[in-house]
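The values are calculated or read from the model by the stated rules, or taken from the named source; none is laboratory data. Bear in mind that the values here come from a model prediction, so they are computed numbers and not experimental data. With ideal geometry, Cβ positions are generated from the backbone for all residues, glycine too; neighbour counts draw on all protein chains shown. Side chains included, ligands, DNA and RNA excluded: accessible areas come from the protein's heavy atoms. Shrake-Rupley method; radii C 1.70, N 1.55, O 1.52, S 1.80 Å.
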Amino acid sequence: MQEFKNKTILITGGTGSFGQSATTYLLKNAKLKKLIIYSRDENKQFEMANKFKDDRLRFFLGDVRDQDRIELALTDVDYIIHAAALKHVPAAEYNPFECIKTNVNGAMNIIEASIDQKVKRVVALSTDKASSPINLYGASKLASDKLFVASNASYASSHKTSFSVVRYGNVMGS
């Protein structure tokens, strides 16, 4: 956890189940300068603020679909954990445009803003459903994964931002 000493981490989708667990772990184990929770759910942000009560914790209301808002949120951010996504398979099938806007366009927004703001490292959460996808959710996450990995060597290869993807499988109760 020494790598995170006096650093700022932003978690997209930070009010979700992963974000809540990551927040608990990071606040307990890392000597962070700041932990920013970026999400579009003001009520969950309010509940988290009351639950954690830590001076290092900040809340930024926004959506990964909004490029300008992400750019602003990433000012002086060192690391990003990108956990924001539309994750419910039936909802994605019924609302395909919304799924693509969040999971694919949102990933592109995170990539571009991270490069522009000179973020050191971005870790994007993926899913087991991105391996041989049979539904739109899995396909959208596969596309997102490919965007993040390709961004290490593609159109902006002169940038210093490092991108990686980790698979985050089914979690009980999620």
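Points to keep in mind about this one:
- 5 angstrom amide H check on residue 59, placed H, neighbours 5+ away: 37
- Student exercise, the chain dipole from Lys, Arg, Asp, Glu Cβ charges, in Debye to nearest 20: 620
- Per residue, the accessible area of the chain comes to 54 Å², computed with a 1.4 Å probe over protein heavy atoms only.
- Formal net charge of residues neighbouring residue 113 (Cβ-Cβ distance under 15 Å; K, R +1; D, E -1): -2
- Given charges at beta-carbon only (K, R positive; D, E negative), |dipole| of the range 53-119 in Debye: 200
- Gaussian network model of the chain, Cα within-10 Å springs - most flexible of 33, 129, 101: 33
- Antiparallel DSSP beta bridges within the chain, as percent of all bridges there, nearest 5: 0
- Rounded to whole Hz, the Karplus (6.51, -1.76, 1.60) HN-Hα couplings of the range 104-121, x for glycine and proline: 9, 4, x, 4, 4, 5, 4, 4, 5, 5, 5, 5, 4, 8, 6, 5, 5, 8
- Using alpha carbons only: equivalent-ellipsoid semi-axes of the range 1-87, gyration tensor based, whole Å: 19, 15, 11
- Whichever lysines have a C-alpha closer than 25 Å to that of residue 129, once near sequence neighbours (fewer than 8 apart) are set aside: 87, 101, 141, 146
- Unit charges on C-beta of K, R, D, E only; dipole of the range 66-169, Debye: 340
- Whole-Å semi-axes of the chain's equivalent ellipsoid (Cα gyration tensor): 24, 20, 15
- With the largest listed first and rounded to whole Å, the semi-axes of the equivalent ellipsoid of the range 74-162 from the Cα gyration tensor are 25, 13, 10.
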